[in-house]
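Worksheet: one structure, shown below.
Each reported figure results from applying straightforward, stated rules to the coordinates on display, with no laboratory input. Predicted model only: the values in this text are computed from it and were never measured. A quick note on method: Cβ atoms are made from the backbone with ideal geometry, for glycine too, and the neighbour counts reach across all protein chains shown.
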Amino acid sequence: MSWSIYIIIGVIFLISLISIYRHQRSLRQRAYLMREAIQNKDFTFRLSTKGLLTGESAMQEVLNQLGEIIRQQISQNEVESWERLTRVLTHEIMNATAPITSISQSLLNRADVQDGPLEEGIRAIFTTSKHLNAFVDSYRKMSELQDPVMEALSLTTIINDICLLYPTVNWDISVSKDIIIYADQNMIRQILMNLGKNAVEAGAHHIGLEYADNSQTLYVSNDGQPIPAEVRKSIFIPFFTTKHAGNGIGLPLSRRMMIQQNGNLSLIDHPLNGYHTTFALEFQHPEATEEKRY
């Protein structure tokens with residue numbers, strides 16, 4: 001009888017050891033997967049908490065959120081770095097071109113220059129410096145943005161207004177009428193207008209809007225010309241553009257406005273089904289926004 005008890009205890013102990021070993025191996029595998037995701041800059045990783053103990057489950061939830069926190073911080077740091085650099089450049093360029101514009105304009109008003117052999121060249125200098133001033137001045141829109149006025153907004157109301165601005169495309173809207181976002185109304189309108197304008201200029205026939213309530217993310221997709229892989233990482237850099245008449249301000253400005261609202265704007269690696277390009281507008285929950293203020 002005593003031997004039977006020893007055997008049972010031994011079997012239970014062995015099963016416990018095997019269970020502990022498998023559990024620890026599972027935890028090591030989780031750590032490996034998350035390390036690989038971070039090294040590959042995949043900050044969208046999520047691992048299930050199924051089968052974890054209470055403390056392990058809480059830790060996994062934090063790690064799942066960590067990727068998003070890192071991605072938002074990287075976006076914010078990028079915006080701030082480009083702002084600092086471009087602020088210096090715009091100041092120096094404006095200081096250099098202002099006298100050129102002024103002097104060339106004065107020369108064009110002189111009687112001995114008008115209709116003379118020098119007029120065409122001076123006018124070219126004046127026009128070029130004026131365009132350069134206007135180009136540089138456009139960046140000030142990014143560096144001089146006012147603080148957002150955060151309020152509860154009906155997302156469908158804003159979307160319906162934006163749809164009216166681009167009647168040449170078909171809008172595929174998958175957003176519940178009761179969806180409320182916490183954001184700055186003017187900024188959100190401007191961001192959606194920029195994305196709509198870009199889609200139309202890319203030759204889109206359909207623009208899709210889909211809201212994921214669990215992540216408070218609005219996906220804006222279009223079937224226009226896809227963004228080439230070699231420029232995808234550069235589209236949020238100020239002044240970078242592949243358009244002949246573009247100034248490279250729209251997307252960087254839109255991202256900055258989202259970050260100012262404690263959200264983010266990003267380009268999705270894999271567009272939603274049926275589209276060639278998908279952007280994600282990630283909104284913060286009101287409580288989360290208030291916590292960041294204090």
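Worth pointing out:
- The amide H of residue 172, built 1.01 Å from its N in the peptide plane, has 207, 208, 209 as neighbours under 5 Å, considering only residues 5 or more places off or on other chains.
- Coupling constants for region 57-65 follow from the phi torsions by the Karplus curve (6.51 cos²θ - 1.76 cosθ + 1.60, θ = phi - 60°), and in residue order they are 5, 5, 5, 5, 4, 5, 5, 4, 7 Hz; glycine and proline get x.
- Local electrostatic count, residue 118, Cβ distance below 15 Å [Lys/Arg +1, Asp/Glu -1]: -2
- Based on the reciprocal of the average 1/r between different C-alpha atoms, the Kirkwood radius for region 149-191 equals 11.1 Å.
- Entry for region 103-226 at q = 0.12 Å⁻¹: log10 I(q)/I(0) = -0.64, Debye formula applied to identical alpha-carbon scatterers, no solvent contribution.
- The alpha carbons of region 188-280 stretch over 39, 31, 24 Å along the principal axes, in descending order.
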